[in-house]
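This report concerns only the one structure given below.
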């Protein structure tokens, strides 16, 4: 590259291209006369839930204590049972000494709750996290089996990896749920996590194998020549070095897993994708919801990339 | 101490079989320094690697302190504890500091405590002349320093025999001396050593006996004086003419 070459014209070009693409999309959407309803989206992240507080028995309001925004109401039943209820002062529906019947509304209390998008995101995250842990264990075992001297172990690992990598994940999820799930009476979460873990595990196995084989044989020889056993050599010498090498492809695989987890929505696990679909059925805000869902996936995956980037730098001390 | 009887190592390639080591028999006494020389591909490194089981030989026997490596019941890890090896490419563990390189096998194999292992390691680093590098990673060391660490690492296991596989071949010329000095010091202390090398000066100065190998066979054996002044075999004469 020419040392004096300027970068700002290219930055401007990039901005212009992006603006053109955005404008083009905007223009195209205009053509079909779509009603944007962005204001309907935030409530699916968090919403203020109003709960009616009811009296659990026939009784009397014995005391009403107002303290700013909340009011504490003391209720006493005919058999002298005492219950206190907290409601919002503005939503208070009773006064002291009033007689009430069972299930009459004393007032309303409100509370911020997580909306379907946040719940879906949470499901996606824990589903992916558990699947990742199993995938890592499975991949490590299968990867070690692939470099093993034992023919049977090698064969098993090879069949596993080939079968999983040769079939689509969607089909595997269907098999896990409709076939294995039915035969072994497994819940949909177990099937979903199992399918994801098996799928990612096969790819992790190949990454692990490549990582181990990338360590020069001299390392094994040096360790063995000192009298270390093969398991000791693996644990102390080969795997720590291999891990450093495979961290980038491994993290890529786990980021993939988070994205692939959207497929479990087909077996009715309410993850982020399924939540998005459910919201659309009640709002018809198709464009907004899918864009928001995509942005949420993007946020998670880019945060993860940053974490991995940080770890890579930490591990680079001995280079 | 070490006795090799008719050792044969075959490598099987695509339809061809190479006799890398072809019927080598020799004996090494305690405290003896044996230098093995020969052209590339003569099987000298392969023979050396057979002695600590890095290569499994096809026929024959290698008996170290009365233990036969060809015996299936022999625990090779036990043998390797007593046979230290130094490699051409050093093979230090890059993810561990110099000190950890020296203590790891002591702790895992000799089951020494961290304190004892570190004392031993620091004493050996002192001996090879780089005590100040204990906390460094190998990549921060020069080739000569790395090879000296590798020698110290092997010595930390207190082996009865040290094998050197072309220890100076991967070094810059100016660093060869520092490694050879450590090896000479070791020889002077009475360590049993088998050294595969192209350093004829070292062979002449330190060796008790020189083996010349070619095409997997020992062609000629003798003291350095005999070897470098009046070699018997034509093949030896030819080789010495090339290298001296």
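Each reported figure results from applying straightforward, stated rules to the coordinates on display, with no laboratory input. From a predicted model like this one, the values you see are computed outputs, not experimental measurements. Cβ coordinates were reconstructed from backbone atoms using ideal geometry, including for glycine residues, and neighbour counts include every protein chain displayed.
Which one of A:167, A:89, A:281 has the biggest mean-square fluctuation once chain A is modelled by GNM with Cα springs under 10 Å?
Ranking A:167, A:89, A:281 by mean-square fluctuation puts A:89 first.
In the Gaussian network model of chain A, springs joining C-alpha atoms below 10 Å, which of A:67, A:210, A:49 carries the largest mean-square fluctuation?
Of the options given, A:67 has the highest mean-square fluctuation.
Quick check on segment A:53-111: take the gyration tensor over C-alpha atoms, sort the square-rooted eigenvalues as a ≥ b ≥ c, and tell me if it's rounded (a/c under 1.5), prolate or oblate.
Cα axes put segment A:53-111 in the prolate bin.
Which number do you get for Rg(Cα) / (2.2 N^0.38 Å) in segment B:78-160?
0.98
So how do A:193-205, A:151-163 stack up, highest first, on mean other-Cβ count within 10 Å?
Taking the mean over residues of other Cβ atoms within 10 Å, the ranking is A:193-205, A:151-163.
Would you mind giving the mean number of other chain beta-carbons within 10 Å of the Cβ of each residue in B:80-88, as a whole number?
Per-residue shielding by partner chains comes out at 3.
Working from Cα positions, state the angle (0 to 90°, nearest 10) between the long axis of helix A:188-213 and the longest principal axis of chain A.
The angle comes out near 30 degrees.
Suppose we keep just the DSSP beta bridges with both residues in chain B; what percent of those would be antiparallel, to 5?
In chain B, approximately 55 percent of DSSP beta bridges are antiparallel ones.
What nm distance separates the two modelled labels at residue A:163 and residue B:70, each placed 7 Å from Cα along Cα→Cβ?
4.5 nm
Give me log10 I(q)/I(0) at q = 0.10, 0.11 Å⁻¹ for segment A:27-161, Debye formula, one equal scatterer per alpha-carbon, no solvent.
Debye intensities relative to I(0), on a log10 scale: -0.66, -0.69.
Please work out how much length the chain gains when fully extended from residue A:309 to residue A:67, using 0.36 nm per residue of separation minus the C-alpha to C-alpha distance, in nm with one decimal.
In short, 82.0 nm is gained.
Given a Förster radius of 35 Å and the C-beta distance between residue B:126 and residue B:25 as r, what FRET efficiency does 1/(1 + (r/R0)^6) yield to the nearest 0.05?
It comes out at approximately 0.30.
Specify the angular offset, from 0 to 90 degrees and rounded to the nearest 10, of the alpha carbon long axis of helix A:151-165 from the longest principal axis of the alpha carbons in chain A.
The answer is roughly 50 degrees.
In a Gaussian network model over chain A where Cα atoms closer than 10 Å are linked, find which of A:235, A:296, A:21 has the largest mean-square fluctuation.
In this elastic network of chain A, the residue with the biggest mean-square fluctuation among A:235, A:296, A:21 is A:21.
Under the definition of Cα pairs under 8 Å and six or more residues apart, what whole-number percent is the relative contact order of segment A:116-317?
The value is 30 percent.
Write down, largest first, the equivalent ellipsoid semi-axes of segment A:193-319 in whole Å, where each equals the square root of 5 times an eigenvalue of the alpha-carbon gyration tensor.
Result for segment A:193-319: semi-axes of 42, 16, 8 Å.
Computed on alpha carbon atoms, what radius of gyration and Dmax characterise segment B:1-152, expressed in Å?
17.8, 54
Could you tell me the ratio Rg/Rh of the protein assembly as shown? Both radii from Cα atoms, Rh via Kirkwood.
With Rg and the Kirkwood Rh in hand, the quotient comes to 1.21.
So what are chain A's ellipsoid semi-axes, whole angstrom, largest first, if each one is the square root of 5 times an eigenvalue of the alpha-carbon gyration tensor?
Working through the eigenvalues yields semi-axes of 53, 31, 22 Å.
Over 5 Å intervals from 0, what percent of Cα-Cα pairs in segment A:1-75 sits in each interval?
For segment A:1-75, the binned pair fractions read 3, 9, 8, 9, 8, 8, 7, 7, 5, 6, 6, 6, 6, 4, 3, 2, 1, 0 percent.
What angle do you read, to the nearest 10 degrees and between 0 and 90, between the alpha-carbon axis of helix A:286-315 and the longest principal axis of chain A?
Long axis of A:286-315 versus the principal axis of chain A: about 50 degrees.
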